[in-house]
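Take a look at the structure below.
The values are calculated or read from the model by the stated rules, or taken from the named source; none is laboratory data. Please read all numbers here as calculations on a predicted model, not as lab measurements. Cβ placement follows ideal geometry from the backbone for every residue including glycine, while neighbour counts extend to all protein chains displayed. Note: areas computed on protein heavy atoms with side chains; ligands, DNA, RNA excluded. Shrake-Rupley method; radii C 1.70, N 1.55, O 1.52, S 1.80 Å.
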Amino acid sequence: MNTTTEELVQGISEWLRCESPSSDPAALMRMAEMMRDHALGLGLRAELTQVQARADTPLLPLVHIHNRADGDTRSGLLILGHLDTVHPIGTLAHNPVRVEGDRFYGPGGYDMKAGIYLVLTALGALAQPGSTALPVDLLIVPDEEVGSHASRATIEAFARKARYCLVCEPARANGGRCVTARKGTGNTVISVQGVASHAGLAHEQGRSAVREMAHQILALEAMTDYARGVTVSVGTIEGGTASNTVPAFCKCLVDFRFSDLVSANEVADRMRQLKPVGPDVVLDIDVEINRPPMVRDDRVVQLLHRAQQSAAAVGLVLEEAPPTGGGSDANFTSAVGVPSIDGLGADGDGAHTWHEHVLVSTLLTRTRFWHHLLTHLD
């Protein structure tokens, strides 16, 4: 592999200047085309397809890059990345791409365009079929930041054909540790239909949806069980029409996290079984288990040891972080039975913020780590 830190910074900078928020299909397509064309220029094979969550949702671009020979259908190494970011179009005007000391700033750099660029640089030096011990499939999806609803089926299909999965989500801050376990995630929407009335003239005739929701929020938050790794958080609430009207409608959005599917199903069932506390009100409850947990088992430990050997070979100390409450696409690959390690991307800090950055001094070593791992992992 023949590259320099300056070349890595220059290449990543071009990607960061192509803003790609999850909410903008046209911007996502521009980013996908840039990644595909870069891969083709490195001598890799690359295809751009489109996926969608439902028939009434937009088509979104998905990029598959690989070094397989024609007819090679062996179980290989799946690498996952995402081209979408949480930053809206126009962020560059306030948070431009720049290097200040060892910090390389830019929206979506740490999470996670820099990580993809490093992997692609390493894979580009191994573009010839047979250059890696296993055929490598790099799948870059458009919607990880918003739940991977459009890309989940494709991720799972690739995972079922893979021997291992590595994810270039950012390395954990303050040490660059990788991730071997993640909680699963769920989302719940609860709506209350009450009865409106004039708050002064006919208060007794009303049935407050907001009052009812207050009861339900307390019941929801009480489902948190730290000992079992379960958290329930009511994130937003909206309702009512005016201060002088007994509110007829209220809605809340709920996030819940869990360490295992048994706990997930128990919490989901408890939520679905919630009943009205007050009279003449109706609850509508929609519960979704979005991401199953990413589990650290013996096969993951063995894969971690292989990754640590490659890290040591290039002078990198690769440690694992404690289990995290945040989800990623590794949750899906783990759930279908593929040993998966996450957080192998760029080293830095500040995901989803304006101080998001990667550390310039780590870029070349991280690229060499990927090159060694891709070459030797079998």
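Just a few scattered comments:
- Considering residues of segment 194-204 that are farther than 19 Å from Lys251 by Cα and either in contact (Cβ under 8 Å) with a residue 40 or more places away in the chain or part of a loop (DSSP other than H, G, I, E, B) (or both) only, the residue most open to solvent (accessible area, probe 1.4 Å): Leu201
- Output for segment 1-48, where each listed residue is of a type in the set (Ser, Thr, Tyr), under 16 Å from Ala125 (Cβ atoms) and open to solvent by 50 Å² or more (accessible area, probe 1.4 Å): Thr4
- Residue pairs whose Cβ atoms lie under 6 Å apart, separated by 6 or more positions or on different chains, with the first residue in segment 273-285 and touching a residue at least 40 places away in the same chain (Cβ under 8 Å) and the second open to solvent by 100 Å² or more (accessible area, probe 1.4 Å), are Ile285/Arg272.
- Verdict on Arg163 being outside any helix (DSSP H, G or I) and among the basic types (Lys, Arg): yes
- When residues of segment 232-272 are limited to those that are within 30 Å of the chain's Cα centre (by Cα), polar (S, T, N, Q) and surrounded by fewer than 18 Cβ atoms within 10 Å (Cβ to Cβ), the one nearest to His198 (Cα to Cα): Thr236
- Just one residue in the set Leu253, Leu283, Leu274 is in a strand (DSSP E or B), among the hydrophobic types (A, V, I, L, M, F, W, C) and over 30 Å from Ser151 (Cβ atoms); that residue is Leu283.
Okay, residues lined up against (1) under 27 Å from Gln302 (Cα atoms); (2) in a loop (DSSP other than H, G, I, E, B); (3) over 19 Å from the mean Cα position of the chain (by Cα):
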position	(1), (2), (3)
Gln128	no, yes, yes
Glu145	no, no, no
Ile155	yes, no, no
Glu169	yes, yes, no
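- Restricted to segment 322-337, and to residues there that are part of a loop (DSSP other than H, G, I, E, B) and open to solvent by 10 Å² or more (accessible area, probe 1.4 Å), the residue that is farthest from Ala122 (Cα to Cα) is Gly325.
- Residue count for segment 120-165 under the criterion of being open to solvent by 10 Å² or more (accessible area, probe 1.4 Å), β-branched (Val, Ile, Thr) and closer than 18 Å to Ser328 by Cβ: the result is 2.
- For segment 340-378, a residue qualifies if it is farther than 16 Å from Leu118 by Cβ, touching a strand residue (DSSP E or B) at 6+ places or on another chain (Cβ under 8 Å) and not in a loop (DSSP other than H, G, I, E, B), and the qualifying residues are Ser340, Asp349.
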